[in-house]
Amino acid sequence: MLPIVGYPSVVNFGLSAFGDVFSRPQLRHFGEYVTGLMVCQNRTVQGINDNLFARCDQSALNHFLTDSPWSEEELDRKRHELVRDRLRELRLGGGTFIIDDTISHHVGKHMEGAGWHHDTKEGKPVWGHQLVTSHYVKRWLSLPLDFRIYIKEEQAGESFKTKLEFARELVEQAVKHGIPFSCVVFDTWYFSLDFVDFLEGLGKDWVTRCKSNRIVISWRRRPISEWSRGLPKRDFERVVLEHKDGSKEVYYACSRTVRMEGFERRARVVVSYSEEKFDKREDPYFYCTNRTDWEVRKIMRTYAKRPEVDAFYKDAKQNLGMEEYELRKIGGIKRHLQMILTAHTLLSLGPADRAAGKAMVYLETIGAACRRVFAEILRFFIQAVLEIGKRVKDPARILRVLSSSRKQLGRMRGSVKTLIGGFKS
């Protein structure tokens, strides 16, 4: 990895947007850390610090994350404000709000809040932090909004909260910050009477998946899996779901307005089969929504936005270091995750996107945005080499200068020290 000798444009934009949150030294560490998350191969505190030009000891960057007195709430407020304003500017209100959860895998046994959680993809318990997250989707825009770290009751004690309580908090926070969503999408785990009543009380629609053992009351009480077998084949219609990558999935689906056990109001239920399993009526999917007036296609296409949050998890883990922290205290871990959301927001809504318009946001993945940032870092490095090369002719010495810590630079002769002093933004 090349020495980081200047901040990329998206981070300079962030220094301006979040300048009121931090003191001047804190703002420098903020810029260093967010830049490191975007471009470093090793995204631990030590790994990022090792790549900084004129770096201090890594304890300074570690202190910024774990003990420095800046407000996480104020950073969250500013980030939500940035998202809200950009959504207005791009006319992307009325989006879909997604609630989901993921596991940040780790091996360290002494991290606060870590525990064994069942990983549905691996089909077994894994060690790490479980995150309940919120996400916003509207047309081509897909943005993470916030998170909560779920800690099991035996560890959390009196401060324990369920994942459903965290889900409510995330919705309430988005409403408080003026995020303009109209519908909430979530999977079967969050499908409870209390949660959907809460959403409807806020005037929000909802769409979810149903488990096959949900009880439908239609003439008599039956599991939805049994009830669905009585639906006439002629009532199923062909539904094509198109994805961002250009791929398509074909389903055959049918909907009915029914009562579900435990719900006072009627709901719209969708039964769907993949194209290859429709003839034999195998492995159906079940969906439910409060919008009894919505047609099948709209219900399925709304729920089909949920995988956008999985794409974020993949991006954050591969490109932004979601699982690379080596911090023990829960406060530092939360701040690291906040920095990841901030980095993602800047990459998605920063000045390059503002200048290039919708096309860049739509076409560019987070991985591609990180490569664009790295290209800026490379350009800064080349400029620094050329500038120092006017006075220092030995290539090995030039590289040594650009790889030096602040303490090492202090020992250098005045001419070189003065020359390199302006490279750091």
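As an exercise: evaluate R43 against (1) assigned to a helix (DSSP H, G or I); (2) within 25 Å of Y136 (Cβ to Cβ); (3) in contact with a Leu (Cβ under 8 Å, 6 or more places away or on another chain); (4) not hydrophobic (A, V, I, L, M, F, W, C) and give the number of the one condition it does not meet.
If we test R43 against (1) assigned to a helix (DSSP H, G or I); (2) within 25 Å of Y136 (Cβ to Cβ); (3) in contact with a Leu (Cβ under 8 Å, 6 or more places away or on another chain); (4) not hydrophobic (A, V, I, L, M, F, W, C), just (1) comes out false.
Report yes if some residue within segment 64-76 is closer than 23 Å to Y7 by Cβ and of a type in the set (F, W, Y); otherwise report no.
Within segment 64-76 (the criterion being closer than 23 Å to Y7 by Cβ and of a type in the set (F, W, Y)), the answer is yes, since at least one residue qualifies.
Which of the residues that make up segment 336-392 are over 30 Å from D67 (Cα atoms), at pLDDT 75 or above and among the hydroxyl-bearing types (S, T, Y)?
T365
Determine whether M300 is of a type in the set (A, V, I, L, M, F, W, C) and out of contact with any helix residue (DSSP H, G or I) (no Cβ under 9 Å at 6 or more places or on another chain).
yes
Determine which single condition E249 fails, assuming it passes every other condition in (1) within 27 Å of the chain's Cα centre (by Cα); (2) closer than 22 Å to S182 by Cα; (3) in a strand (DSSP E or B).
If we test E249 against (1) within 27 Å of the chain's Cα centre (by Cα); (2) closer than 22 Å to S182 by Cα; (3) in a strand (DSSP E or B), just (2) comes out false.
Regarding segment 402-424, can at least one residue be identified that is part of a helix (DSSP H, G or I), modelled with pLDDT of 60 or more and crowded, with 18+ Cβ neighbours inside 10 Å?
Scanning segment 402-424, I find at least one residue that is part of a helix (DSSP H, G or I), modelled with pLDDT of 60 or more and crowded, with 18+ Cβ neighbours inside 10 Å, so the answer is yes.
Can you find a residue in segment 70-92 that is touching a residue at least 24 places away in the same chain (Cβ under 8 Å), assigned to a loop (DSSP other than H, G, I, E, B) and under 25 Å from E308 (Cβ atoms)?
Within segment 70-92, one or more residues are touching a residue at least 24 places away in the same chain (Cβ under 8 Å), assigned to a loop (DSSP other than H, G, I, E, B) and under 25 Å from E308 (Cβ atoms).
Where residues in segment 258-273 are hydrophobic (A, V, I, L, M, F, W, C) and surrounded by fewer than 19 Cβ atoms within 10 Å (Cβ to Cβ), which of them is nearest to C288 (Cα to Cα)?
In this case the residue turns out to be V258.
Residues of segment 1-16 being surrounded by fewer than 20 Cβ atoms within 10 Å (Cβ to Cβ) and of a type in the set (A, V, I, L, M, F, W, C), which ones?
M1, L2, F13, L15
What do you reckon, is F186 more than 20 Å from T289 (Cβ to Cβ) and either of a type in the set (F, W, Y) or touching a Leu at 6+ places or on another chain (Cβ under 7 Å) (or both)?
no
Please go through segment 264-289 and pick out each residue that is in contact with a helix residue (DSSP H, G or I) (Cβ under 6 Å, 6 or more places away or on another chain) and either of a type in the set (A, V, I, L, M) or closer than 18 Å to D205 by Cα (or both).
V270, V271, F286, Y287, T289
For F166, are the conditions met, namely being among the aromatic types (F, W, Y), within 14 Å of D101 (Cα to Cα) and outside any helix (DSSP H, G or I)?
no
Only one residue in S225, S255 is in contact with a strand residue (DSSP E or B) (Cβ under 9 Å, 6 or more places away or on another chain), surrounded by 11 or more Cβ atoms within 10 Å (Cβ to Cβ), over 11 Å from V296 (Cα atoms) and of a type in the set (S, T, N, Q). Which one?
Every option except S225 fails the conditions.
Kindly provide the set of residues from segment 195-226 that are among the aromatic types (F, W, Y), farther than 16 Å from T96 by Cβ and modelled with pLDDT of 95 or more, ordered by number.
Selection gives F195, F198.
Quick one: in segment 296-321, of everything that is out of contact with any Asp or Glu (no Cβ under 9 Å at 6 or more places or on another chain) and in a loop (DSSP other than H, G, I, E, B), which residue is farthest from C183 (Cα to Cα)?
This residue is G321.
Of all residues in segment 228-242, how many are surrounded by fewer than 14 Cβ atoms within 10 Å (Cβ to Cβ) and either in contact (Cβ under 8 Å) with a residue 24 or more places away in the chain or over 32 Å from the mean Cα position of the chain (by Cα) (or both)?
Of the residues in segment 228-242, 7 are surrounded by fewer than 14 Cβ atoms within 10 Å (Cβ to Cβ) and either in contact (Cβ under 8 Å) with a residue 24 or more places away in the chain or over 32 Å from the mean Cα position of the chain (by Cα) (or both).
The values are calculated or read from the model by the stated rules, or taken from the named source; none is laboratory data. All values reported here derive from a predicted model rather than from experimental measurement. Heads up, the Cβs are rebuilt from the backbone with ideal geometry, glycines too, and the neighbour counts pull from every protein chain shown.
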